[in-house]
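The values are calculated or read from the model by the stated rules, or taken from the named source; none is laboratory data. All values reported here derive from a predicted model rather than from experimental measurement. Please note: Cβ atoms are built from the backbone with ideal geometry, for glycine as well, and neighbour counts cover all protein chains shown. Ligands, DNA and RNA are excluded from the accessible area calculation, which covers all protein heavy atoms including side chains. Shrake-Rupley method; radii C 1.70, N 1.55, O 1.52, S 1.80 Å.
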Amino acid sequence: MFQIHQFPCLNDNYGFLAHDSVSGETAAVDTPDAQKYLAEAAARGWTITQIWNTHWHPDHAGGNLAIKEATGCTITGPAGEEAKIPGIDRAVKTGDVVSLGALAAHVIDVPGHTLGHIAYHLAGEATAFVGDAVFALGCGRVFEGNPEMMWASLSRLKNLPPETALYCAHEYTASNAKFAVTVDPGNEALAGYVNEITDKRARNEWTVPTQLARELKTNPFLRADDPGLQAAMGHPGDPVATFAEIRGRKDRF
């Protein structure tokens, strides 16, 4: 049986432990806080056997060496950032498969936030670990890539099955929601989603994971190919320019 244990760590990160009860293997998806990951695994009687890094940023790979020292785990990370991933044993890219027991995670290149960012898609479990590529009602800042690259990456994620649960790495949804309504005020699905988010956060409940189907209807960064949004942003027929306009507005918000 496939299990995901999610827990908050650092300021606004989420930690994820993916566990296959048949093989007993456990993957730490990114490593913001080594001691927190080790404690959460131990509390469940799990031993971390693998680390799956999505990108090199310290709040995603900073705990690699401490966890590897404690457990002897194998570290998998993006081929495009191999030199920046502490303790990496295997570098992967689109087309590669990472195994957790008999479970298969397909690697998807999603550069933009960083140049080598990857996601892990477990099709059989309708699950994707997407790091900072996409968030509930948001996407990662384009630190190292460019808008064309980031839109191409988001388009790859948009093509996953709509029922896919997106496990993004931060609790940014409330602030993303405040921005989203400024660029897409007539979106009724978004309005309903924002109300739900407001209620959840008032109860200190998590908004992650989110479902791709919902994000396709509400997340402005995934909707840069929508003609109405393109017109509103002043770039009819141009999803890349529309995405760049939305991203720029969010950066200044």
Legend entry - Cα long-axis angle, helix 188-202 against the chain (0 to 90 degrees, to the nearest 10): 50 degrees
Inset, instruction - Just need the relative contact order of segment 49-172 here, percent rounded to a whole number, with Cα pairs under 8 Å and 6+ apart. - result: 20 percent
Inset, instruction - Using a 1.4 angstrom probe on heavy atoms only, work out the carbon and sulfur share of the accessible area of segment 6-131 in %. - result: 52 percent
Inset, instruction - Report the calculated FRET efficiency for residue 22 and residue 65 (r = Cβ-Cβ distance, R0 = 41 Å), to the nearest 0.05. - result: 0.90
Inset, instruction - Let me know the longest stretch in the chain that avoids all trypsin sites (Lys or Arg not before Pro) found in a DSSP loop with at most 15 other C-beta atoms within 10 Å. - result: 142-202
Inset, instruction - Tell me the chymotrypsin sites (Phe, Trp or Tyr not before Pro) within segment 132-229 that lie in a loop according to DSSP and have at most 16 other beta-carbon atoms within 10 Å. - result: 143, 206
Legend entry - Relative contact order %, segment 1-116, counting alpha carbon pairs below 8 Å whose residues are six or more apart: 19 percent
Legend entry - Helix-derived mean residue ellipticity, 222 nm - over the chain, DSSP H n ≥ 4, -39500 (n - 2.57), to 500: -10000 deg cm²/dmol
Inset, instruction - Enter the angle in degrees (range 0 to 90, nearest 10) between the Cα long axis of helix 239-252 and the first principal axis of the Cα atoms of the chain, meaning the one along which they spread out most. - result: 80 degrees
Inset, instruction - Check each of the GluC sites (Glu not before Pro) in segment 101-186 and keep only those in coil by DSSP with at most 15 other C-beta atoms within 10 angstrom; list them in order. - result: 163
Inset, instruction - With a probe of 1.4 Å, find how much accessible area the chain has per residue, and write the answer as a whole number in Å². - result: 41 Å²
Legend entry - Length-normalised contact order of the chain in % [C-alpha pairs under 8 Å, at least 6 apart]: 13 percent
Inset, instruction - Between the alpha-carbon centers of segment 50-90 and segment 157-172, tell me the distance in whole angstrom. - result: 22 Å
